[in-house]
Each structure stands twice: as structure tokens, then as C-alpha cells.
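Notes follow the structure.
Here, each number is a calculation from the coordinates, and none is a lab measurement. All values reported here derive from a predicted model rather than from experimental measurement. Neighbour counts are summed over all protein chains in view; Cβ atoms, including those assigned to glycine, are modelled from backbone coordinates with ideal geometry.
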């Protein structure tokens with residue numbers, strides 16, 4: 001997430017609040033009959049610390065105590081990391097530390113795994129959800145580039161995708177919300193397909209203040225017995241895209257992971273490997289603001305490398321099942337040439353990597369991913 005871009009028009013937020021899809025409580029659900037524990041893993045022991053001080057306060061404002069537990073792990077540049085419980089007392093939301101840890105590396109997969117274990121064991125529930133906030137650069141290996149970065153950073157340490165996936169217990173999470181950059185990649189989703197039912201993520205960077213403002217109005221969407229994930233995702237996009245500044249830039253997707261198997265099987269059958277080398281990456285829709293290109297629109301790329309036997313609209317139909325909701329602004333940070341922004345002419349809701357001769361190490365690491373193994377091996 002970039003911390004340089006802020007949204008200043010408070011009146012916009014007030015107007016936008018009334019436009020949001022409702023996440024009002026479903027009164028047919030008895031909190032004694034159903035519980036969900038939502039864990040927010042906030043990795044701010046980096047340059048995000050100062051720009052998101054109000055994130056937890058927004059979560060407190062948005063949680064109404066229904067249907068479960070809101071548990072927050074936070075590691076910042078100040079003080080020791082801790083596991084905190086949001087609780088309700090006399091109609092007021094409060095927060096207390098239930099576990100304080102010694103100084104640690106929140107990008108260490110063992111720390112991540114322990115935090116999830118602690119939260120799940122201390123607050124057992126019928127189901128679980130996970131929110132992850134930090135820097136991220138999708139599947140890219142740690143320390144590959146100065147910017148962007150791998151999942152969750154702590155100073156100079158980073159957590160790679162495979163390690164994060166291994167730390168998450170299989171089948172536990174109904175959803176994972178990535179409040180991170182470049183996380184809507186097919187490589188990320190396929191690596192996590194056995195860990196969660198749904199993923200909410202962005203194809204491009206996520207501009208500050210990210211999802212902070214949406215928690216106050218829509219957090220309860222995540223606590224319904226059938227979580228209102230599309231409403232939650234749509235509300236985030238509305239907030240991020242409809243402000244009237246230069247920074248009206250957003251991409252957002254809701255990804256249904258069980259449908260990814262069919263997508264992978266289809267492409268394994270119909271990809272023409274001889275066409276791959278004929279694709280010029282600079283002709284494909286991209287979502288990064290660099291002289292190089294690493295994050296490409298999934299459909300734009302894969303539609304170019306199908307063989308002649310592939311059914312006409314099958315790829316599009318399978319993608320619609322995998323991505324029940326997606327949206328994007330017409331452009332991304334095009335207000336100034338120095339921002340190196342781009343137009344968004346295609347947005348399928350998933351991104352993909354294209355192997356390039358300039359990145360032999362990335363090509364090598366890409367071949368280790370579950371997506372590559374399923375489709376190309």
C-alpha cells in the first residue's frame with residue numbers, strides 16, 4: 001500500500017455512507033446459535049505505521065458485537081506486538097490486550113501461524129474470517145525488488161506467498177480480506193484455494209487510506225452467518241473510486257476459490273504453448289506503475305494463448321464463476337506524468353504473471369507455484 005495518497009474531502013465520506021449497500025444486522029440470526037471469529041492481522045512495523053493509526057478505531061466503530069469475536073493482532077514501530085479483543089461494555093466498544101508478545105518479526109511465517117493458532121484456540125467459533133493488512137506484491141519472492149514487496153513486511157523482512165499459505169490451516173477461513181497491494185493474482189488465489197472459500201483483493205496497488213473508512217460502516221457484513229462479501233467488496237470500491245480528487249483509482253475483486261479448479265483444468269487442456277512466446281507483454285493490460293510489467297490482466301493474457309479448439313466463450317464463463325464481483329476505475333493515477341499511471345481498458349478481476357527473458361529468477365520461482373504446476377506442467 002502506498003501511503004503518499006490521501007483522501008481529504010470529508011463531505012465525500014458522509015455522502016458515500018448513504019450510498020452503500022446495506023450491512024444492517026440480520027435479525028433472524030441468534031448470536032447464541034452462530035459465531036464467527038474474524039482475525040485482523042495488522043503488520044505495521046514498517047512505513048505504514050503513521051498513515052493508518054485510525055484503522056483499529058474504525059473497526060471498533062463498525063463492530064456491533066453480534067455473532068462472534070473480533071480479534072486484532074498488531075505489530076507496529078512502537079511498543080510490543082499484541083493480540084487484542086474487541087468487546088462490548090454498556091453499549092460501548094472497547095479493546096483490551098489478551099496476549100502481549102516480545103519484540104518479534106510479524107513477517108515470520110511462524111509468528112503468523114502462532115497468532116492464528118492463538119486466536120482460534122482462545123476464541124473458537126463455527127467459522128472464521130481473516131483480514132490481512134500490510135505491504136504486499138502478490139506471489140513475488142521476498143527481496144526480489146525494492147518495490148513492490150512480498151506479503152507482510154517487518155522492516156526489511158518479508159513473508160513469501162508459499163510460507164503464508166503453509167501457515168494457514170486448511171479449510172478454516174470462510175474468507176480472507178487482503179488490504180494489500182497486488183493481491184488479486186491467480187497465483188495467490190490458487191495457492192490459497194484450500195485455505196479459504198473467498199478472497200477479497202486488489203489487482204493494482206491499494207492507495208491510502210485503504211479500507212480504513214469502510215470498517216466503520218460495513219464491518220458487520222463479515223459477521224453474518226452467510227457473510228455479505230459482495231456488499232462489503234462493493235462498498236469498499238464505492239468509497240475508493242467515487243472521491244473527486246486525482247486519486248480516484250481502484251481495482252477490487254471478490255474471488256470464489258472453489259471455482260478455480262475448473263479454470264485451471266480448462267487452461268491445461270486448451271493452452272497453445274507455442275503461442276506464449278509470441279505474446280508481447282507490453283500489448284497486454286497491466287496493473288503496475290513501473291517501467292517493467294509484472295501484473296497483467298488474466299483474461300487479456302490467457303485469451304491470447306488458447307488453441308483453436310478452445311470453446312468460444314468458455315474462458316469468460318469460467319472467469320465469471322471464479323470472480324462473482326469485480327470493478328475498476330477507468331484509469332489509475334493518471335493525474336500526473338510523474339505517477340506513471342495507466343488506463344484500465346480490461347479488468348477480469350484476476351491478474352497473471354507472464355514469463356519474460358528479463359526476469360530469469362522470477363521465471364524460475366514462478367514455476368514452483370501451484371498455479372504453474374496445475375496448468376503448465
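Along Cα→Cβ, 7 Å out, is where each label goes; now give me the distance between the ones at residue 361 and residue 230 in nm to one decimal.
Each label point lies 7 Å from its Cα, and together they span 4.3 nm.
Among 200, 176, 354, what is the fewest-to-most ranking by other Cβ atoms within 10 Å?
354, 200, 176
For segment 337-377 and segment 180-251, write down the distance between their C-alpha centroids in whole Å.
Taking the Cα centre of segment 180-251 as reference, the centre of segment 337-377 is 21 Å away.
Suppose R0 equals 35 Å. What FRET efficiency, 1/(1 + (r/R0)^6) with r the Cβ-Cβ distance, do residue 277 and residue 317 give to the nearest 0.05?
Between residue 277 and residue 317 the formula returns 0.80.
Mind running the shape call on segment 55-128? Use the C-alpha gyration tensor, a ≥ b ≥ c as the square roots of the eigenvalues: rounded below 1.5 for a/c, prolate if a/b tops b/c, oblate otherwise.
Oblate, since a/c reaches 1.5 and b/c is not below a/b.
Which of the three applies to segment 31-257, rounded, prolate or oblate, going by the alpha-carbon gyration tensor with a ≥ b ≥ c and a/c under 1.5 meaning rounded?
rounded
To make sure I understand, if each residue's beta carbon is the centre and we count other beta carbons within 10 Å, what order do 203, 134, 331 fall in, fewest to most?
Listing 203, 134, 331 from fewest to most nearby Cβ atoms yields 331, 134, 203.
So, in nm, how far is label residue 170 from label residue 57 when the simple model puts each one 7 Å beyond its Cα toward the Cβ?
That separation, rounded to one decimal, is 4.4 nm.
For segment 241-280, what class follows from the C-alpha gyration tensor (a ≥ b ≥ c being the square roots of its eigenvalues): rounded when a/c is under 1.5, otherwise prolate if a/b is larger than b/c, else oblate?
Oblate, since a/c reaches 1.5 and b/c is not below a/b.
Can you tell me the length gained on complete extension of the stretch residue 376 to residue 100, counting 0.36 nm per residue apart and subtracting the Cα distance?
Extra length from residue 376 to residue 100 when fully extended: 94.8 nm.
What number in nm² do you get for segment 182-258 if you take the convex hull of its Cα atoms and divide its surface by four?
Approximately 5.3 nm², given one-decimal rounding.
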